[in-house]
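Notes follow the structure.
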Amino acid sequence: MNELPKRVEDFLNYLKVIKNKSQNTIDGYEVDLRMFFRFYKIDKGLVSKDIKFSSVDISDITDNHIKSIILQDLYNFMYFLQNERHNSEKSRGRKIASLKSFFNYLETKANLIKENPTKELETPDIKRREPVYLTLEECSKLLNAIQDGSINSKRNYCMIIIMLNHGLRVSELLNLKVEDINNEKIRVIGKGSKIRFMYLNNTTREAIRSYFCFEDIKSGKMFNITKEQVNNVIKGYSKKAKINKHVTAHTLRHTSATINLKQTKDLRYVQEFLGHSNLSTTQIYVHVLDEDKKKYANKVQIR
(Lines give C-alpha, C1' and ligand atoms only; values in the text may rest on other atoms or scores of the structure.)
Protein backbone atom coordinates (compact mmCIF):
# COMPACT_ATOMS: atom_id res chain seq x y z
CA MET A 1 0.00 0.00 0.00
CA ASN A 2 2.86 2.42 0.75
CA GLU A 3 4.82 1.57 -2.39
CA LEU A 4 5.59 4.34 -4.87
CA PRO A 5 5.26 4.27 -8.65
CA LYS A 6 8.48 3.04 -10.22
CA ARG A 7 9.11 6.36 -11.96
CA VAL A 8 8.92 8.18 -8.63
CA GLU A 9 11.31 5.68 -7.03
CA ASP A 10 13.72 6.15 -9.94
CA PHE A 11 13.50 9.94 -9.55
CA LEU A 12 14.21 9.81 -5.80
CA ASN A 13 17.19 7.51 -6.42
CA TYR A 14 18.45 9.98 -9.03
CA LEU A 15 18.24 12.80 -6.48
CA LYS A 16 20.18 10.75 -3.94
CA VAL A 17 22.86 9.15 -6.11
CA ILE A 18 23.42 11.69 -8.88
CA LYS A 19 22.31 15.01 -7.40
CA ASN A 20 23.54 14.19 -3.87
CA LYS A 21 20.46 15.72 -2.24
CA SER A 22 20.02 15.41 1.52
CA GLN A 23 17.63 12.81 2.93
CA ASN A 24 15.39 15.61 4.24
CA THR A 25 15.09 17.03 0.72
CA ILE A 26 14.36 13.61 -0.78
CA ASP A 27 11.72 12.93 1.89
CA GLY A 28 10.06 16.24 1.01
CA TYR A 29 9.87 15.34 -2.68
CA GLU A 30 8.40 11.96 -1.79
CA VAL A 31 5.66 13.50 0.37
CA ASP A 32 4.72 15.99 -2.37
CA LEU A 33 4.65 13.45 -5.20
CA ARG A 34 2.78 10.90 -3.11
CA MET A 35 0.13 13.54 -2.41
CA PHE A 36 -0.13 14.52 -6.09
CA PHE A 37 -0.62 10.99 -7.35
CA ARG A 38 -3.18 10.22 -4.65
CA PHE A 39 -5.10 13.31 -5.74
CA TYR A 40 -4.68 12.34 -9.40
CA LYS A 41 -6.29 8.94 -8.87
CA ILE A 42 -9.23 10.46 -6.99
CA ASP A 43 -9.65 13.29 -9.51
CA LYS A 44 -9.66 10.85 -12.44
CA GLY A 45 -12.15 8.54 -10.76
CA LEU A 46 -9.65 5.69 -10.55
CA VAL A 47 -10.67 4.98 -6.93
CA SER A 48 -13.85 5.28 -4.93
CA LYS A 49 -14.59 8.84 -3.78
CA ASP A 50 -15.33 7.42 -0.34
CA ILE A 51 -11.78 6.18 0.16
CA LYS A 52 -9.63 7.88 2.77
CA PHE A 53 -7.05 10.10 1.06
CA SER A 54 -4.09 8.60 2.94
CA SER A 55 -5.24 5.10 1.95
CA VAL A 56 -5.09 5.65 -1.81
CA ASP A 57 -2.68 3.13 -3.34
CA ILE A 58 -0.46 4.74 -6.00
CA SER A 59 1.87 1.81 -6.68
CA ASP A 60 -0.14 1.00 -9.83
CA ILE A 61 0.50 4.36 -11.51
CA THR A 62 1.88 3.47 -14.95
CA ASP A 63 3.89 5.31 -17.59
CA ASN A 64 0.67 5.79 -19.55
CA HIS A 65 -0.94 7.53 -16.57
CA ILE A 66 2.06 9.86 -16.28
CA LYS A 67 2.14 10.59 -20.03
CA SER A 68 -1.55 11.55 -19.91
CA ILE A 69 -1.04 14.28 -17.28
CA ILE A 70 -1.71 17.78 -18.66
CA LEU A 71 -1.52 21.29 -17.26
CA GLN A 72 -5.19 21.26 -16.24
CA ASP A 73 -4.52 18.28 -13.94
CA LEU A 74 -1.89 20.35 -12.19
CA TYR A 75 -4.26 23.31 -11.89
CA ASN A 76 -6.85 20.97 -10.35
CA PHE A 77 -4.23 19.84 -7.83
CA MET A 78 -3.39 23.46 -6.94
CA TYR A 79 -7.10 24.20 -6.44
CA PHE A 80 -7.34 21.18 -4.14
CA LEU A 81 -4.32 22.31 -2.12
CA GLN A 82 -5.62 25.85 -1.73
CA ASN A 83 -9.32 25.24 -1.12
CA GLU A 84 -9.47 21.83 0.55
CA ARG A 85 -6.05 21.47 2.17
CA HIS A 86 -5.75 25.22 2.87
CA ASN A 87 -2.04 25.16 2.03
CA SER A 88 -0.20 28.47 2.21
CA GLU A 89 1.43 30.08 -0.85
CA LYS A 90 4.79 28.84 0.40
CA SER A 91 3.57 25.26 0.80
CA ARG A 92 1.96 25.26 -2.65
CA GLY A 93 5.12 26.73 -4.10
CA ARG A 94 7.17 23.90 -2.65
CA LYS A 95 4.87 21.30 -4.21
CA ILE A 96 5.09 23.06 -7.57
CA ALA A 97 8.88 22.95 -7.30
CA SER A 98 8.70 19.20 -6.58
CA LEU A 99 6.45 18.60 -9.59
CA LYS A 100 8.65 20.71 -11.87
CA SER A 101 11.75 18.78 -10.81
CA PHE A 102 10.01 15.43 -11.31
CA PHE A 103 8.63 16.22 -14.77
CA ASN A 104 11.89 17.83 -15.84
CA TYR A 105 13.60 14.56 -14.89
CA LEU A 106 11.04 12.59 -16.92
CA GLU A 107 11.61 14.85 -19.92
CA THR A 108 15.41 15.31 -19.89
CA LYS A 109 16.78 12.26 -18.07
CA ALA A 110 14.26 9.43 -18.34
CA ASN A 111 13.10 10.54 -21.81
CA LEU A 112 9.58 9.40 -20.94
CA ILE A 113 7.69 12.54 -22.00
CA LYS A 114 8.10 14.98 -24.88
CA GLU A 115 5.81 17.69 -23.53
CA ASN A 116 6.45 18.86 -19.98
CA PRO A 117 3.09 19.91 -18.40
CA THR A 118 4.80 21.91 -15.64
CA LYS A 119 6.53 24.38 -17.98
CA GLU A 120 3.57 26.77 -17.88
CA LEU A 121 2.78 26.11 -14.21
CA GLU A 122 3.38 29.33 -12.29
CA THR A 123 4.51 29.53 -8.71
CA PRO A 124 2.16 31.58 -6.47
CA ASP A 125 3.39 34.93 -5.24
CA ILE A 126 4.65 34.49 -1.72
CA LYS A 127 4.17 37.28 0.77
CA ARG A 128 7.63 37.62 2.25
CA ARG A 129 7.57 38.10 5.99
CA GLU A 130 10.44 39.57 7.92
CA PRO A 131 12.02 36.84 10.06
CA VAL A 132 11.52 36.83 13.82
CA TYR A 133 14.79 37.35 15.66
CA LEU A 134 16.07 38.17 19.13
CA THR A 135 17.69 41.43 20.17
CA LEU A 136 21.11 41.39 21.82
CA GLU A 137 19.40 41.98 25.16
CA GLU A 138 17.11 38.99 24.62
CA CYS A 139 20.11 36.86 23.62
CA SER A 140 21.78 37.74 26.92
CA LYS A 141 18.64 36.88 28.86
CA LEU A 142 18.40 33.53 27.10
CA LEU A 143 22.05 32.64 27.72
CA ASN A 144 21.83 33.70 31.38
CA ALA A 145 18.75 31.50 31.85
CA ILE A 146 20.66 28.46 30.58
CA GLN A 147 23.46 28.75 33.12
CA ASP A 148 21.36 27.30 35.91
CA GLY A 149 23.66 24.43 36.90
CA SER A 150 21.26 21.75 35.68
CA ILE A 151 22.62 18.42 34.45
CA ASN A 152 22.59 19.41 30.78
CA SER A 153 23.29 23.11 31.16
CA LYS A 154 26.84 22.87 29.70
CA ARG A 155 25.53 21.04 26.64
CA ASN A 156 22.56 23.36 26.19
CA TYR A 157 24.69 26.47 26.59
CA CYS A 158 27.18 25.15 24.03
CA MET A 159 24.44 24.33 21.51
CA ILE A 160 22.80 27.72 21.76
CA ILE A 161 26.11 29.61 21.69
CA ILE A 162 27.01 27.83 18.45
CA MET A 163 23.62 28.57 16.88
CA LEU A 164 23.64 32.21 17.91
CA ASN A 165 27.24 32.88 16.92
CA HIS A 166 27.43 30.81 13.75
CA GLY A 167 23.84 30.61 12.43
CA LEU A 168 23.73 26.83 12.06
CA ARG A 169 20.58 25.02 11.04
CA VAL A 170 19.52 22.53 13.70
CA SER A 171 20.33 19.65 11.33
CA GLU A 172 23.84 21.07 10.85
CA LEU A 173 24.28 21.39 14.60
CA LEU A 174 23.27 17.78 15.21
CA ASN A 175 25.63 16.54 12.48
CA LEU A 176 28.65 18.11 14.17
CA LYS A 177 31.39 15.74 15.30
CA VAL A 178 34.32 16.43 17.58
CA GLU A 179 36.56 15.94 14.54
CA ASP A 180 34.83 18.92 12.85
CA ILE A 181 36.19 21.31 15.47
CA ASN A 182 39.68 22.74 15.85
CA ASN A 183 40.88 25.76 17.76
CA GLU A 184 40.32 28.06 14.79
CA LYS A 185 37.48 26.71 12.64
CA ILE A 186 34.34 24.62 12.62
CA ARG A 187 33.47 22.33 9.68
CA VAL A 188 29.76 22.43 8.83
CA ILE A 189 27.96 20.02 6.50
CA GLY A 190 25.00 21.90 5.06
CA LYS A 191 22.17 21.17 2.64
CA GLY A 192 23.11 18.87 -0.20
CA SER A 193 26.19 17.78 1.80
CA LYS A 194 27.87 21.10 0.96
CA ILE A 195 30.74 21.83 3.32
CA ARG A 196 31.62 25.26 4.66
CA PHE A 197 34.22 26.32 7.24
CA MET A 198 33.48 28.98 9.82
CA TYR A 199 35.91 30.77 12.08
CA LEU A 200 35.28 30.30 15.79
CA ASN A 201 35.20 33.28 18.11
CA ASN A 202 36.47 33.22 21.70
CA THR A 203 32.96 32.82 23.16
CA THR A 204 32.26 29.69 21.10
CA ARG A 205 35.70 28.22 21.76
CA GLU A 206 35.25 28.59 25.52
CA ALA A 207 31.72 27.11 25.47
CA ILE A 208 32.94 24.06 23.49
CA ARG A 209 35.99 23.58 25.71
CA SER A 210 33.89 23.78 28.87
CA TYR A 211 31.31 21.31 27.51
CA PHE A 212 33.92 18.81 26.28
CA CYS A 213 35.79 18.91 29.61
CA PHE A 214 32.63 18.55 31.68
CA GLU A 215 31.29 15.61 29.65
CA ASP A 216 34.75 14.17 28.86
CA ILE A 217 33.93 14.14 25.14
CA LYS A 218 36.85 13.15 22.92
CA SER A 219 35.33 11.85 19.67
CA GLY A 220 32.08 11.14 17.83
CA LYS A 221 28.94 13.26 17.69
CA MET A 222 28.96 16.43 19.75
CA PHE A 223 25.28 16.34 20.66
CA ASN A 224 23.20 13.18 21.13
CA ILE A 225 19.82 14.87 21.04
CA THR A 226 16.91 15.11 18.56
CA LYS A 227 15.64 18.18 16.69
CA GLU A 228 12.47 18.12 18.76
CA GLN A 229 14.49 18.05 21.98
CA VAL A 230 16.62 20.98 20.81
CA ASN A 231 13.52 23.07 20.16
CA ASN A 232 12.03 22.04 23.50
CA VAL A 233 15.23 23.15 25.25
CA ILE A 234 15.10 26.52 23.47
CA LYS A 235 11.40 26.94 24.17
CA GLY A 236 11.85 26.12 27.86
CA TYR A 237 14.71 28.55 28.40
CA SER A 238 12.97 31.28 26.40
CA LYS A 239 10.00 30.98 28.70
CA LYS A 240 12.29 31.03 31.73
CA ALA A 241 14.00 34.16 30.37
CA LYS A 242 10.54 35.76 29.86
CA ILE A 243 11.12 36.39 26.16
CA ASN A 244 7.72 37.18 24.68
CA LYS A 245 8.39 35.63 21.27
CA HIS A 246 7.94 32.20 19.69
CA VAL A 247 11.58 31.09 19.79
CA THR A 248 12.82 28.03 17.91
CA ALA A 249 16.18 26.82 16.63
CA HIS A 250 15.43 28.64 13.38
CA THR A 251 14.79 31.85 15.32
CA LEU A 252 18.37 31.62 16.59
CA ARG A 253 19.59 31.23 13.00
CA HIS A 254 17.60 34.32 12.00
CA THR A 255 19.06 36.15 14.99
CA SER A 256 22.61 35.25 14.05
CA ALA A 257 22.06 36.34 10.45
CA THR A 258 20.41 39.62 11.42
CA ILE A 259 23.08 40.62 13.95
CA ASN A 260 25.88 39.68 11.54
CA LEU A 261 24.33 41.76 8.78
CA LYS A 262 23.90 44.71 11.14
CA GLN A 263 27.56 44.50 12.09
CA THR A 264 29.09 43.81 8.66
CA LYS A 265 26.58 45.44 6.24
CA ASP A 266 27.75 42.67 3.86
CA LEU A 267 24.91 40.59 2.39
CA ARG A 268 27.32 38.38 0.42
CA TYR A 269 29.20 37.50 3.61
CA VAL A 270 25.94 36.59 5.36
CA GLN A 271 25.00 34.41 2.38
CA GLU A 272 28.23 32.40 2.79
CA PHE A 273 27.86 32.49 6.58
CA LEU A 274 24.41 30.85 6.35
CA GLY A 275 25.35 28.44 3.57
CA HIS A 276 22.74 29.79 1.14
CA SER A 277 23.23 28.67 -2.46
CA ASN A 278 21.53 31.79 -3.84
CA LEU A 279 21.78 35.37 -2.68
CA SER A 280 18.03 35.72 -3.24
CA THR A 281 17.44 33.45 -0.23
CA THR A 282 19.45 35.84 1.94
CA GLN A 283 17.38 38.81 0.77
CA ILE A 284 14.88 38.26 3.62
CA TYR A 285 17.38 40.07 5.85
CA VAL A 286 17.61 43.28 3.81
CA HIS A 287 15.16 44.93 6.21
CA VAL A 288 18.18 45.33 8.50
CA LEU A 289 19.96 47.45 5.90
CA ASP A 290 16.74 49.38 5.26
CA GLU A 291 16.60 50.28 8.96
CA ASP A 292 20.07 51.78 8.69
CA LYS A 293 19.16 53.68 5.52
CA LYS A 294 16.29 55.31 7.37
CA LYS A 295 18.60 56.22 10.24
CA TYR A 296 21.21 57.71 7.88
CA ALA A 297 18.55 59.66 5.99
CA ASN A 298 17.66 61.51 9.20
CA LYS A 299 21.28 61.87 10.31
CA VAL A 300 22.56 63.38 7.06
CA GLN A 301 20.55 66.48 6.26
CA ILE A 302 21.76 69.36 4.12
CA ARG A 303 20.06 72.60 5.02
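Before we move on, is residue 180 among the charged types (D, E, K, R) and either surrounded by fewer than 13 Cβ atoms within 10 Å (Cβ to Cβ) or touching a His at 6+ places or on another chain (Cβ under 7 Å) (or both)? Full working, then the answer.
Values: among the charged types (D, E, K, R): yes; either surrounded by fewer than 13 Cβ atoms within 10 Å (Cβ to Cβ) or touching a His at 6+ places or on another chain (Cβ under 7 Å) (or both): no.
It is false that residue 180 is among the charged types (D, E, K, R) and either surrounded by fewer than 13 Cβ atoms within 10 Å (Cβ to Cβ) or touching a His at 6+ places or on another chain (Cβ under 7 Å) (or both).
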Q | Condition met for residue 66 (modelled with pLDDT of 95 or more, assigned to a helix (DSSP H, G or I) and out of contact with any Asp or Glu (no Cβ under 8 Å at 6 or more places or on another chain)) | A | yes
Q) Going by the conditions given, is residue 276 within 22 Å of residue 22 (Cα to Cα), out of contact with any Gly (no Cβ under 6 Å at 6 or more places or on another chain) and either in the same structural domain as residue 157 (by TED's automatic domain parsing) or surrounded by fewer than 19 Cβ atoms within 10 Å (Cβ to Cβ) (or both)? A) yes
**Q.** Positions within the stretch 69-92 being in a loop (DSSP other than H, G, I, E, B) and either among the small types (Gly, Ala, Ser) or surrounded by 12 or more Cβ atoms within 10 Å (Cβ to Cβ) (or both), in sequence order
**A.** 69, 85, 87, 88
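The values are calculated or read from the model by the stated rules, or taken from the named source; none is laboratory data. Predicted, not measured: the structure shown is a model, and the values here were computed from it. Heads up, the Cβs are rebuilt from the backbone with ideal geometry, glycines too, and the neighbour counts pull from every protein chain shown.
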